[in-house]
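**Student:** Take this structure, written in structure tokens, and hold onto it; I'll ask about it next.
What follows draws every value from the coordinates through simple rules; no lab data is involved. Worth saying up front: this structure is predicted, and the values here are computed from it rather than measured. Every residue, glycine as well, gets a Cβ built from its backbone with ideal geometry; the counts of neighbours run over all protein chains shown.
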Amino acid sequence: MKKYIIILIVIISPLLSIACDICGCGGGNNYIGILPDFHKHIVGIRYRYNAMLSHVGVGGATSYLTTKERYNITEAWGGWNISDRVRVMAVVPYSFNEKINQGNKQSKDGIGDISLSGFYELLNNRNTISGKNDNPKLLVQSLWLGGGVKLATGKYNPSDKANAGQSTNLFQLGTGSYDFNLNAMYDIRLQDAGINLNSNYKINTANKFDYRYGNKLSLNSQAYYKFRTKSNIMIAPNAGIQYENSKTDMDENINVTVSGGRLLSGTIGLETGIGKFAIGANYQTPLSQNLANGIVKSEDRFMVHIAIAL
């Protein structure tokens, strides 16, 4: 049976995926999500739901201007181990976006920004340490470093930005720019209990309309425990926190004041491994936030996935 290490990146995601980079909506988030540790090749499907409120008043008050925005993203992704220490991955998202204000609904759907990434395993240690009553325990550590590029495959409509008014430039299928990611993933596990630490820094460039989304830093910590059964099934509940911080956007070298911000979320999830299959879900709820100078409010998010090792 494959061994699974719980790895969480935000990322955004994923693996990957507008504008609302800070709250994980639309085309700018590079969220990776739960990533099984595989020996050769793996392919999967992931579904993510993100929601937010824009045009929020002081103290989170709503008004006739307040708009509910929903982002439903389905991602096909795959990973290939070129060698024992080198891994490449790809994610192809398809988004269904909608926003509702006073009963009026706007929607759009289409392919998002495709992401490509590579990772190198810098550390892979497996040591036996003494436990109580001289009962040895296995200590496993791994460190992956990587980077990638997000392509400009999703449609960016400049008229949506022009109609944004006092809202951030959210309602897009893609950013219209080629962006870059730097990643570090560290995992330490004693027998079946582990902690995963993950960091991602996203460097955005300007698109052809001279709009550049703010660079984004994502950090998270995840604790998990693996329960194994005699029927070749692994169940791993997990919980942790995730922090996101995004710089303000730039529109023709002018700061977009209603953009950027910070978001701290609590996460809880469950992963299962059944032979070659991995099935899991993750739920995130905001604990603290200050987005776009307070006019945007991120709501709860969740993700489900299924993958198979080939």
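**Student:** At a 10 Å Cβ-Cβ cut-off, how would you order 277, 119, 171, 227, fewest neighbours first?
**Tutor:** 227, 277, 119, 171
**Student:** Let me know the shape class of segment 21-309, please: from the alpha-carbon gyration tensor, a ≥ b ≥ c as square roots of the eigenvalues, rounded when a/c is under 1.5, otherwise prolate if a/b is greater than b/c, or oblate.
**Tutor:** prolate
**Student:** Could you list, in their original order, any pairs among 105/150; 150/247; 108/150; 216/297 whose Cα atoms are separated by more than 23 Å?
**Tutor:** Result: 105/150 exceed 23 Å.
**Student:** Using all alpha carbons of segment 94-149, what is the percent of pairwise distances in each 10 Å bin, ordered from the shortest bin to the longest?
**Tutor:** 17, 19, 17, 16, 15, 12, 4
**Student:** Then there's this: What ranking of 217, 173 emerges when the number of other C-beta atoms within 10 Å of each C-beta is taken as an exposure proxy, fewest first?
**Tutor:** Going from least to most buried by this count: 217, 173.
**Student:** Something else: Please arrange 234, 185 by counting, for each residue, the other beta carbons lying within 10 Å of its beta carbon, fewest first.
**Tutor:** 234, 185
**Student:** Just to be sure I follow: if Rg is taken over the C-alpha atoms of segment 51-133 and Rh is the Kirkwood radius over the same atoms, what is Rg/Rh?
**Tutor:** In segment 51-133, Rg relative to Rh is 1.30.
**Student:** For residue 226, go through the lysines and keep the ones whose alpha-carbon is under 26 Å away, minus same-chain ones fewer than eight residues off.
**Tutor:** 2, 3, 40, 132, 137, 276
**Student:** In debye, nearest 20: dipole of segment 21-309 around its Cα centre with unit charges on the Cβ of K, R (+) and D, E (-)?
**Tutor:** 540
**Student:** Whole number please: convex hull volume per residue of the Cα set in segment 69-227, in Å³?
**Tutor:** Convex hull volume per residue, Cα atoms: 158 Å³.
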